[in-house]
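K.L.:
I'd like to ask some things about the structure below.
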Amino acid sequence: MIPKFDLIKFVRTSLKNPTITNIIIVGVVTLCVKVLGFLKEAAIADSFGLSELVDTFYIAILIPGFMSNVFLGGFKSVFIPNYVIELNSGKNIRAFQTTCFLVTIAVALVFCLIAVLFTDVYLETFFSGHSESYYALIKVQFYCIIPCMIFWGLSSMLNGLLTIYDEFMFSSMNSVFTPITIMICLFFFKEELGNLVLAKGTLIGSILNFLFLLTVTLKKKIIKLGIPDFVSKNIKELFIQLPAKLSANILTGINPIIDQYFAAQLIIGSIAALNYGVKIPMFAIGLVTLALGNVLLPYFSKKVIENRDKAFSELKRILKFLLIGSSAIAIILIVLSSPLIALIFERNAFTSDDTVIVSGIQQLYLIQIPAYITTIIMVRFLESINKNRFMVLAAVICLVLNITFNYFLIEHIGVYGLALATSAVVIVNSLILYGYISHLNKEQKAIITS
């Protein structure tokens with residue numbers, strides 16, 4: 001006889017699991033943040049459509065955003081598992097935390113300097129053939145955005161600390177400020193700020209993000225500073241893992257720049273079209289990956305210390321569930337692509353012709369959703385066991401494939417080829433990582449049975 005399934009009991013039991021509770025909390029908060037992000041994009045589309053200002057803003061923020069994601073995102077990924085190990089070892093966590101803060105500040109400043117020095121070469125190399133006014137518009141926004149890198153760096157560290165201490169609601173809320181400040185600037189100060197309206201909204205938002213996280217961590221007494229120690233075992237391991245993680249992030253982060261480069265060879269508005277087209281796919285992906293990724297990195301970091309073999313089993317179970325669920329979401333969004341774009345963006349400067357272009361781009365981006373979500377979870381798992389070096393190899397393969405696919409596809413289907421190439425590369429990357437994790441799992445089982 002088949003036992004009766006009690007849905008209410010199942011839900012109650014699931015909610016008692018702190019990991020599931022944390023995922024739900026992060027998911028709900030992330031949903032609210034993403035909705036605000038969409039409202040921000042709708043406000044930008046309403047004001048500027050597929051215009052030169054939007055194109056130049058995305059170019060201006062590309063390098064600061066790239067450098068932030070490369071180092072700050074990479075540092076956070078190796079910081080969390082090694083911080084957990086340090087915490088469990090009972091050693092001086094004050095020294096570890098202080099050292100990481102100093103490294104974050106120093107590298108953020110260095111990257112700011114590199115970004116400023118590299119700007120002219122970057123523009124001449126990747127975005128040649130435009131007018132002087134076009135470049136001037138990029139630079140004036142770029143210099144306004146550069147200070148954001150300092151606040152992004154500090155916010156990344158504070159965010160990582162909050163996730164380690166299970167303060168997931170607060171760590172997920174910090175991104176709420178930037179879309180709000182951009183919309184306030186658009187609605188109330190558009191004329192006064194002129195061409196800097198988007199850049200200054202971004203800068204103000206990054207400052208508020210940092211102040212919010214600083215206030216929470218101080219109130220929760222999470223910040224514990226002391227005398228830095230650059231030679232402790234886990235600090236050394238962090239520095240060993242960091243080059244590999246940064247290399248993988250650099251190679252992965254170059255892909256959007258390459259896409260922007262190819263898009264810049266097309267008509268004005270192509271860069272904006274790509275950015276509008278990727279919003280809904282990234283909304284769906286971000287909602288799931290932020291909720292799962294932020295919770296699962298510290299979760300896996302703790303789990304592999306307790307039982308490494310069980311951690312592998314749980315990863316595979318999670319991947320199977322996500323693959324089925326995300327595939328269903330992707331199919332639904334592909335079918336609803338055109339009406340969604342029309343509903344969110346089509347008004348004033350954003351025309352019905354723009355909807356047709358962006359909808360087609362969006363459908364091609366949506367193909368990647370199942371592979372992208374599972375890839376992020378596999379990356380978090382590999383980070384938790386300090387297997388960052390393999391991800392460098394995977395990133396090299398994906399970079400070569402992205403350039404190759406972009407080159408051939410743009411010749412045949414224009415800007416749509418860039419979206420299709422991105423999805424194809426994400427799928428290949430997910431297969432590579434899954435193959436590597438399966439290999440590691442077999443090695444783990446061999447060690448246990450021997």
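K.L.:
For segment 117-127, state whether one or more residues are part of a helix (DSSP H, G or I), aliphatic (A, V, I, L, M) and over 18 Å from Ile146 (Cβ atoms). Explain how you work it out, then say what you get.
P.N.:
Going through segment 117-127, the residues part of a helix (DSSP H, G or I) turn out to be 117-126.
Now narrow it down to the ones that are aliphatic (A, V, I, L, M): 117, 121, 123.
Cutting the leftovers down to over 18 Å from Ile146 (Cβ atoms) gives us none.
No, segment 117-127 contains no residue that is part of a helix (DSSP H, G or I), aliphatic (A, V, I, L, M) and over 18 Å from Ile146 (Cβ atoms).
K.L.:
Among the residues of segment 58-76, are any of a type in the set (S, T, N, Q), farther than 18 Å from Ser247 by Cβ and under 25 Å from the mean Cα position of the chain (by Cα)? Spell out how you get there, then give the answer.
P.N.:
In the first step, residues of segment 58-76 are kept if they are of a type in the set (S, T, N, Q); the result is 68-69.
Within this subset, residues satisfying the condition of being farther than 18 Å from Ser247 by Cβ are none.
Checked against the condition, which is being of a type in the set (S, T, N, Q), farther than 18 Å from Ser247 by Cβ and under 25 Å from the mean Cα position of the chain (by Cα), segment 58-76 yields no hits at all.
K.L.:
Out of segment 225-242, which residues are touching a Lys or Arg at 6+ places or on another chain (Cβ under 9 Å) and either surrounded by fewer than 14 Cβ atoms within 10 Å (Cβ to Cβ) or of a type in the set (Phe, Trp, Tyr) (or both)?
P.N.:
Leu225, Gly226, Ile227, Phe230, Lys233
K.L.:
Also: Can you give me the number of residues within segment 162-200 that are closer than 18 Å to Cys32 by Cβ, free of Cβ contacts under 8 Å to residues at least 40 places away in the same chain and aliphatic (A, V, I, L, M)?
P.N.:
Qualifying residue count for the region: 1.
K.L.:
May I ask you to list the residues in segment 138-160 that are in contact with a Leu (Cβ under 7 Å, 6 or more places away or on another chain), farther than 19 Å from Gly74 by Cα and in a helix (DSSP H, G or I)?
P.N.:
Across segment 138-160, the qualifying residues are Ile138, Val140, Gln141, Cys144, Ile145.
K.L.:
Does Ile182 meet the test of being assigned to a helix (DSSP H, G or I) and open to solvent by less than 40 Å² (accessible area, probe 1.4 Å)? Before the answer, list the steps.
P.N.:
Working: assigned to a helix (DSSP H, G or I): yes; open to solvent by less than 40 Å² (accessible area, probe 1.4 Å): yes.
Spelling it out, Ile182 is indeed assigned to a helix (DSSP H, G or I) and open to solvent by less than 40 Å² (accessible area, probe 1.4 Å).
K.L.:
Related question: Output the residues belonging to segment 393-406 that are touching a residue at least 40 places away in the same chain (Cβ under 8 Å) and out of contact with any Leu (no Cβ under 7 Å at 6 or more places or on another chain).
P.N.:
Looking only at segment 393-406, we keep the residues that are touching a residue at least 40 places away in the same chain (Cβ under 8 Å), and these are 394-396, 398-399, 402-403, 406.
Within segment 393-406, Cys398, Asn402, Ile403 meet the criteria.
K.L.:
Give just the number: which of (1) more than 20 Å from the chain's Cα centre (by Cα); (2) closer than 17 Å to Ala371 by Cα does Ile427 not satisfy?
P.N.:
(1)
K.L.:
Looking at segment 344-450, what helices (runs of 4 or more DSSP H) fall wholly within it and have at least 3 residues that are open to solvent by 10 Å² or more (accessible area, probe 1.4 Å), modelled with pLDDT of 85 or more and of a type in the set (S, T, N, Q)? Let's see the steps before the verdict.
P.N.:
Values: elements: 352-366, 369-384, 389-413, 415-449.
The qualifying helices (runs of 4 or more DSSP H) are 415-449.
Every residue, every condition in (1) open to solvent by less than 60 Å² (accessible area, probe 1.4 Å); (2) at pLDDT below 80; (3) touching a Ser or Thr at 6+ places or on another chain (Cβ under 6 Å), yes or no:
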{"position": "Lys4", "(1), (2), (3)": "no, yes, no"}
{"position": "Ser47", "(1), (2), (3)": "yes, yes, no"}
{"position": "Phe57", "(1), (2), (3)": "yes, no, no"}
{"position": "Phe75", "(1), (2), (3)": "yes, yes, no"}
{"position": "Tyr83", "(1), (2), (3)": "yes, yes, no"}
{"position": "Glu86", "(1), (2), (3)": "yes, yes, no"}
{"position": "Ser89", "(1), (2), (3)": "yes, yes, no"}
{"position": "Arg94", "(1), (2), (3)": "no, no, no"}
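K.L.:
Still on this model: Quick check on segment 334-344. Is at least one of its residues within 23 Å of the chain's Cα centre (by Cα) and without any contact (Cβ under 8 Å) to a residue 60 or more places away in the chain?
P.N.:
For segment 334-344, residues within 23 Å of the chain's Cα centre (by Cα) and without any contact (Cβ under 8 Å) to a residue 60 or more places away in the chain: present.
K.L.:
Would you confirm whether or not segment 137-149 contains a residue that is farther than 20 Å from Phe111 by Cα and among the polar types (S, T, N, Q)? Lay out the reasoning, then the answer.
P.N.:
Filtering segment 137-149 for residues farther than 20 Å from Phe111 by Cα gives 137.
Filter once more, keeping what is among the polar types (S, T, N, Q): none.
No, there is no match, as no residue in segment 137-149 is farther than 20 Å from Phe111 by Cα and among the polar types (S, T, N, Q).
K.L.:
All but one of (1) over 20 Å from Lys279 (Cβ atoms); (2) at pLDDT 80 or above hold for Ser337; state the number of the condition that does not hold.
P.N.:
All conditions pass for Ser337, except number (1).
K.L.:
Does Ile341 satisfy the condition of being assigned to a helix (DSSP H, G or I) and open to solvent by 60 Å² or more (accessible area, probe 1.4 Å)? Please lay out each step first, then the result.
P.N.:
Details: assigned to a helix (DSSP H, G or I): yes; open to solvent by 60 Å² or more (accessible area, probe 1.4 Å): no.
For Ile341, the condition - assigned to a helix (DSSP H, G or I) and open to solvent by 60 Å² or more (accessible area, probe 1.4 Å) - is not met.
K.L.:
Checking the condition closer than 18 Å to Leu198 by Cα, part of a helix (DSSP H, G or I) and among the β-branched types (Val, Ile, Thr), which residue from Val78, Val54, Val70 passes?
P.N.:
Numbers: Val78 fails: closer than 18 Å to Leu198 by Cα; Val70 fails: closer than 18 Å to Leu198 by Cα.
Result of the check over Val78, Val54, Val70: Val54.
K.L.:
I'd like to know if segment 109-120 contains one or more residues that are under 26 Å from the mean Cα position of the chain (by Cα), surrounded by fewer than 21 Cβ atoms within 10 Å (Cβ to Cβ), at pLDDT below 80 and more than 30 Å from Ala263 (Cβ to Cβ).
P.N.:
No, segment 109-120 contains no residue that is under 26 Å from the mean Cα position of the chain (by Cα), surrounded by fewer than 21 Cβ atoms within 10 Å (Cβ to Cβ), at pLDDT below 80 and more than 30 Å from Ala263 (Cβ to Cβ).
The values are calculated or read from the model by the stated rules, or taken from the named source; none is laboratory data. All values derive from a computational prediction rather than experimental measurement. Cβ: placed from backbone, ideal geometry, glycine included. Neighbour counts: every protein chain shown. When the accessible area is computed, the model is the full protein with side chains, heavy atoms only, and any ligands, DNA or RNA have been set aside. Shrake-Rupley method; radii C 1.70, N 1.55, O 1.52, S 1.80 Å.
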